[in-house]
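**Student:** Before we start, here is the structure in question, set down as C-alpha cells.
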Number of protein chains: 2
Amino acid sequence: MGHDPEVAVRPHVVVIGAGFGGLAAAKRLEDEAVDVTVIDRHNYHTFQPLLYQVATAGLNTADVGYAVRGLFRRQRRVFFRKAQVTGIDLDRRRVELRDLPEVPYDHLIVAAGSRCNTFGIPGADELAFPLYTLEEAVRLRNHVISLFEAASAEPGLVAEGVLTFVVVGGGPTGVEVAGALAELVEKVFADDFHDLDVHRSRIVLVEQGDRLLAAFDEHSGTYARAALERRGVEVRTGTAVESVAVDHVVLAGGEVLHTRCLVWAAGVQAGALAQALPVARGRGGRIVVHRDLSVPGYPDVYCVGDIADIDDGSGGRLPQLAQVAIQGGRHAAEQVLRTIERRPRADFHYLDKGTMATIGRRAAVADLPIGVRLRGMPAWLAWLLLHLVYLVGVRNRVSVFINWAWNYLTWDRGPRLILRPEALPHTPIPHSDAAPRTDQAGTSA
Amino acid sequence: MGHDPEVAVRPHVVVIGAGFGGLAAAKRLEDEAVDVTVIDRHNYHTFQPLLYQVATAGLNTADVGYAVRGLFRRQRRVFFRKAQVTGIDLDRRRVELRDLPEVPYDHLIVAAGSRCNTFGIPGADELAFPLYTLEEAVRLRNHVISLFEAASAEPGLVAEGVLTFVVVGGGPTGVEVAGALAELVEKVFADDFHDLDVHRSRIVLVEQGDRLLAAFDEHSGTYARAALERRGVEVRTGTAVESVAVDHVVLAGGEVLHTRCLVWAAGVQAGALAQALPVARGRGGRIVVHRDLSVPGYPDVYCVGDIADIDDGSGGRLPQLAQVAIQGGRHAAEQVLRTIERRPRADFHYLDKGTMATIGRRAAVADLPIGVRLRGMPAWLAWLLLHLVYLVGVRNRVSVFINWAWNYLTWDRGPRLILRPEALPHTPIPHSDAAPRTDQAGTSA
C-alpha cells in the first residue's frame with residue numbers, strides 16, 4: 001500500500017508528474033531517508049522532445065516512453081500511483097485522486113507540466129492535433145497515414161485538401177513536425193504509394209510572429225526557414241489562424257486552407273491543476289513560486305517545470321524547457337532534504353545549456369551558451385548526441401540509436417502502422433481511471 | 001488509382017488479406033507480368049506467432065507489424081488498398097469494399113484468415129480477450145498492466161480476482177500466453193510493484209481436452225505442463241468454460257473463478273467473408289477447395305491459409321498453420337501464372353516442417369518431421385532462430401533480436417506502457433473505414 005502514514009517513520013515526499021521535472025526530483029530522492037510516491041496519469045515517462053518522431057513514424061512508442069516503475073526497480077521505498085490528480089488539499093496536506101483514495105504528504109513537489117493553449121480559437125480545441133503525449137503522437141500518426149490511404153483509394157479527395165497538412169506555431173515543435181512530415185512524404189510515402197502522386201501533398205507552417213524560432217538567434221530562424229522551404233514546406237510568417245473546421249482552417253485575412261489535419265504547436269499553458277490551487281498565477285496560468293521554488297504560503301509545497309512561473313533572477317521569467325524542469329526538480333528535491341535536515345534553503349539558479357531544434361536529416365540549429373551557434377550538419381550531430389544522452393534508460397538509447405541509423409540509411413520508417421487498440425470493445429478496470437479520457441484540458445499530471 | 005481495367009494490358013490479380021498466405025502469394029507475383037492489388041483492413045502485415053509477446057510487453061508493436069506498402073516499395077505494379085472487404089461478386093469478378101469503390105479482378109486469391117471462435121459460450125464474445133490482431137495484443141497489454149496498477153492502488157481488489165488471469169485453450173497460443181504472463185508477473189512485475197505482493201496473482205490455463213498441445217507428441221504436452229507448473233501456472237485439463245461475466249467465469253461443473261481477464265486461445269473459425277460466398281463450407285466455416293486450391297465452380301478464385309479447408313491428400317484436412325498458409329499462397333500464385341500461360345495446373349502438396357511452441361525462457365517444444373522431438377533449451381533456441389528467420393523485414397529481425405537479448409539479460413520489458421490513443425477525440429477520415437470497428441466478427445481481411 002506504499003507509504004503508510006500510520007506506521008511511517010520516514011517523511012513522505014509526493015511528486016506529481018513523471019515528466020522531466022518530476023523524475024529529476026524523484027531520482028534525487030530515491031536513495032535518501034524518505035519515502036517517495038510519484039503520481040502520473042500515465043504509467044510511463046514521456047520523452048517529449050521526440051514525440052514528433054513517433055507522430056511521423058520514425059520511432060516506436062516504447063522508444064519515447066519509459067515505464068516509471070522500471071526507473072525505480074531497486075528503490076523499494078519509491079512508490080508509483082497511476083492516477084489522475086483532481087486537486088490538492090494544501091491545509092490537510094493531501095493529494096486528491098480521481099476514483100482512488102487520497103494520498104497524504106509531508107513534502108509535495110508539483111511537476112504537473114503544461115497543456116495545449118489554443119487561445120480560444122474556435123474549433124481548435126476539438127479539431128487540432130496537439131503533440132504533448134505519446135497517445136496524441138500515435139493518434140497523429142494514425143491520422144496522417146489514414147489520410148494518405150484515403151487519398152490512395154480515392155484520388156479525388158486530394159483536391160479537397162486531404163493531403164494538406166497545416167502546422168501552427170513556428171517554435172521548435174512546429175519546425176520539427178513540419179520538417180519531419182516533409183521527409184516522411186517525400187522520402188517514404190513517395191515509394192509507398194504507387195498509385196498516388198504524393199507531391200500533390202502540401203505542408204504549410206503558419207507562424208503569427210514575423211520569423212521562425214523566435215527564441216533562437218535570428219540567423220537560426222532564417223536558416224530553419226530556408227531548410228524547410230528546400231524540403232517543400234510552405235512557411236507563412238505573420239499569419240494567424242482564425243478558426244478551425246473539420247475540413248478547413250481560416251487564416252487571418254480570410255484565406256481558407258482546405259485540410260483534414262491541423263497540428264497545434266502554438267503554445268502551452270499550465271496544467272489544469274494550477275487553476276485548482278488557491279495561489280497566485282502568472283503568465284499562462286502558471287504558479288508563481290519563491291526563488292527556492294516553494295509556493296508562497298506553503299513552504300513544503302514546490303512547483304517545478306512547465307507549471308511553475310519562475311523568476312530568472314534578472315526580472316524576466318524562465319522559459320518552458322526540459323533543462324529548466326530537470327534542474328528545478330533536482331533543486332526542489334534538495335530543498336526538501338535541507339528542510340528535513342533543518343538546514344537553510346537555497347535559491348534556484350538556472351544554468352542555461354542552450355536550445356536546439358532539428359529540421360530534417362543533416363539540418364538543425366543549436367544556440368549554445370557563450371554565443372556558440374551551430375547550424376546544419378554540426379548542429380544535427382550535436383542534437384542527435386544530446387538527445388541520446390538525455391533519453392531515459394539504456395534500452396531506449398540503444399533502440400532509438402538503431403532506429404535512427406536504420407531510418408537514415410534506408411529512408412524507411414518501420415512504425416508506420418495505423419493502430420487503434422481502443423476502438424475494440426473494452427473491459428472496465430475496477431475503481432480505476434481506465435475510462436476513456438476525453439477532457440484533454442484536464443489536469444496533466 | 002492502381003490497376004485501371006480500362007487501359008490495363010496486364011492481368012489483375014487481387015489478393016485479399018496480407019497475412020502469411022496473402023503475402024506469400026503477392027511476393028510470388030511481384031516481379032511477374034501481372035498487376036497485383038493486396039487488400040487488408042490493416043495497413044500492415046501481422047506476424048501472429050509473436051502477438052503474445054506484444055501482449056506481455058516483450059516486443060514493440062512495430063516489431064510484429066510490418067507496413068504492407070513497405071514490402072513492395074520497388075514493385076511499382078503492386079498496389080495496396082486498406083479496406084474492409086464486405087463481399088465478393090464472383091460472377092462479375094469484383095471485390096466489394098466498405099465505403100470504397102469495388103475492385104475488379106481477373107484472378108482472385110482469398111487469404112482472409114480466421115477469427116476467434118467462442119463456440120457460443122455466453123459472454124465470451126463480449127468479454128474475452130482474443131489475440132489475433134496487433135490491436136488486440138495492445139489491448140490485452142493495456143488491460144493486464146492496468147489490473148496490476150488497480151491492485152497496487154487498492155490491494156483489497158486482489159481478493160476480488162483482479163490479479164487472476166484465465167487463459168482458455170491448451171494449444172500453442174494458450175501455452176505461450178500463460179507462460180509469458182507467468183514470467184511477466186514473477187520476473188518483471190515483482191520488481192515493479194513495491195507495494196503489492198504480486199505472488200498473490202494467479203494464472204489458470206483451462207483446456208477442455210485431457211492434455212496440453214494436443215497436436216504435438218504426447219511427451220511434448222507433458223513437458224509443457226510441467227514447465228508451466230514450475231512457473232506457477234495452474235493447469236486445468238478436462239475443464240471447459242461454461243459462461244463468462246465481467247468479474248468471473250463459470251467452469252463446467254459450476255466452479256466460479258473470479259477474474260477480470262479471460263484470454264481466449266481456444267479456437268478459430270474462418271473469417272466472416274467465407275460465409276458471404278455461395279460456396280461449400282467445411283469445418284469451422286472454412287471454404288472447401290479443390291486440390292489446386294481453387295474454389296469449386298470458380299477456377300480463377302483461390303482460397304489459402306486459415307480460411308481454406310484443404311484436403312491433406314490422405315483423407316484428413318490440413319491444419320491452420322503459418323506454413324500451410326505460406327506454401328498455399330505461393331501455390332495459388334503459381335496456378336495463376338500457369339493459367340495465364342495456359343499451362344496445366346498442379347495440385348497442392350504441403351511439406352510439413354513441424355510445429356513449435358515456447359513456454360518461457362529456455363523452455364520450448366518442437367515436433368519436427370522425421371520424428372525429431374526437441375524440448376527445453378534446444379527447442380527454445382530452434383524456436384528463436386526460426387522466428388527470426390520467418391519474421392518479415394530485416395529491420396524487424398534486428399529489432400526483435402535486440403529486444404529478446406535485452407529482455408533475456410535484464411529481465412526487463414521495455415514496452416510495458418498503457419497506451420490508449422483512440423480514447424482521445426478523433427477526426428474522421430473522409431470516405432474511409434476509419435470509424436472505430438467494433439464488430440470483431442467482421443470480415444478479417
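**Student:** Within region B:105-120, can one find any residue that is touching a Pro at 6+ places or on another chain (Cβ under 9 Å), crowded, with 22+ Cβ neighbours inside 10 Å and facing chain A (nearest Cβ under 8 Å)?
**Tutor:** no
**Student:** State yes or no: is B:V301 free of Cβ contacts under 8 Å to residues at least 40 places away in the same chain, in a strand (DSSP E or B) and not polar (S, T, N, Q)?
**Tutor:** Taking the combined requirement at face value, the residue does not satisfy it.
**Student:** Could you tell me whether B:E186 is under 24 Å from A:N43 (Cα atoms) and without any contact (Cβ under 8 Å) to a residue 60 or more places away in the chain?
**Tutor:** Working: under 24 Å from A:N43 (Cα atoms): yes; without any contact (Cβ under 8 Å) to a residue 60 or more places away in the chain: yes.
Answer is yes for this residue.
**Student:** Something else: Does A:V158 satisfy being touching a residue at least 60 places away in the same chain (Cβ under 8 Å), in contact with a strand residue (DSSP E or B) (Cβ under 9 Å, 6 or more places away or on another chain) and not hydroxyl-bearing (S, T, Y)? Steps first, answer last, please.
**Tutor:** Values: touching a residue at least 60 places away in the same chain (Cβ under 8 Å): no; in contact with a strand residue (DSSP E or B) (Cβ under 9 Å, 6 or more places away or on another chain): yes; not hydroxyl-bearing (S, T, Y): yes.
No; evaluated as a whole, the condition is false for this residue.
**Student:** How many residues does region B:185-200 contain that are more than 12 Å from chain A (Cβ to nearest Cβ) and buried (at least 24 other Cβ atoms within 10 Å of the Cβ)?
**Tutor:** Of the residues in that region, 1 qualify.
**Student:** Right, next: Residue check, B:R77 against (1) in contact with a helix residue (DSSP H, G or I) (Cβ under 7 Å, 6 or more places away or on another chain); (2) at pLDDT 95 or above; (3) at the interface with chain A (Cβ under 9 Å from one of its Cβ atoms), all met but one. Which one?
**Tutor:** Result: B:R77 fails condition (1) only.
**Student:** Looking at the structure I just gave you, is B:T46 closer than 23 Å to B:W264 by Cα, out of contact with any Ser or Thr (no Cβ under 9 Å at 6 or more places or on another chain), outside the structural domain of B:A178 (by TED's automatic domain parsing) and touching a residue at least 40 places away in the same chain (Cβ under 8 Å)?
**Tutor:** So B:T46 fails the test.
**Student:** Anything in region A:310-358 that is of a type in the set (D, E, K, R) and at pLDDT 95 or above? List them, or say none.
**Tutor:** A:R330, A:E334, A:R338, A:E341, A:R342, A:R343, A:R345, A:D347
**Student:** Right, here's the next one. Within region A:306-410, considering only helices (runs of 4 or more DSSP H) that don't extend past its boundaries, which have at least 2 residues that are under 18 Å from the mean Cα position of the chain (by Cα) and not assigned by TED's automatic domain parsing to the domain that holds A:P172?
**Tutor:** Filter on region A:306-410 gives A:322-340.
**Student:** Also, I was wondering about something else. Scanning for something of a type in the set (S, T, Y) and within 12 Å of B:H107 (Cβ to Cβ), does region B:332-349 turn up at least one residue?
**Tutor:** yes
**Student:** Further question on the same structure: Free of Cβ contacts under 8 Å to residues at least 12 places away in the same chain and either under 17 Å from the mean Cα position of the chain (by Cα) or outside the structural domain of B:P415 (by TED's automatic domain parsing) (or both): does that describe B:R69? Explain how you work it out, then say what you get.
**Tutor:** Numbers: free of Cβ contacts under 8 Å to residues at least 12 places away in the same chain: no; either under 17 Å from the mean Cα position of the chain (by Cα) or outside the structural domain of B:P415 (by TED's automatic domain parsing) (or both): yes.
Answer is no for this residue.
**Student:** Contact list please: Cβ distance under 6 Å, first residue in region B:192-208 and in the same structural domain as B:V167 (by TED's automatic domain parsing), second residue among the polar types (S, T, N, Q) and assigned to a strand (DSSP E or B), pairs at least six apart or on different chains.
**Tutor:** Close Cβ pairs (under 6 Å, with a partner that is among the polar types (S, T, N, Q) and assigned to a strand (DSSP E or B)) amount to B:R202/B:T164.
**Student:** Something else now. Which residue, of A:A151, A:A137, is within 19 Å of the chain's Cα centre (by Cα), buried (at least 24 other Cβ atoms within 10 Å of the Cβ), within 14 Å of chain B (Cβ to nearest Cβ) and not basic (K, R)?
**Tutor:** Just one listed residue meets the conditions, A:A137.
**Student:** Evaluate region A:238-259: report whether one residue or more is crowded, with 18+ Cβ neighbours inside 10 Å, touching a Phe, Trp or Tyr at 6+ places or on another chain (Cβ under 8 Å), modelled with pLDDT of 95 or more and not assigned by TED's automatic domain parsing to the domain that holds A:R94.
**Tutor:** For region A:238-259, residues crowded, with 18+ Cβ neighbours inside 10 Å, touching a Phe, Trp or Tyr at 6+ places or on another chain (Cβ under 8 Å), modelled with pLDDT of 95 or more and not assigned by TED's automatic domain parsing to the domain that holds A:R94: present.
The values are calculated or read from the model by the stated rules, or taken from the named source; none is laboratory data. Model, not experiment: these values are computed from the prediction. Positions of Cβ are generated from backbone atoms using ideal geometry, with glycine treated the same way; all protein chains shown enter the neighbour counts.
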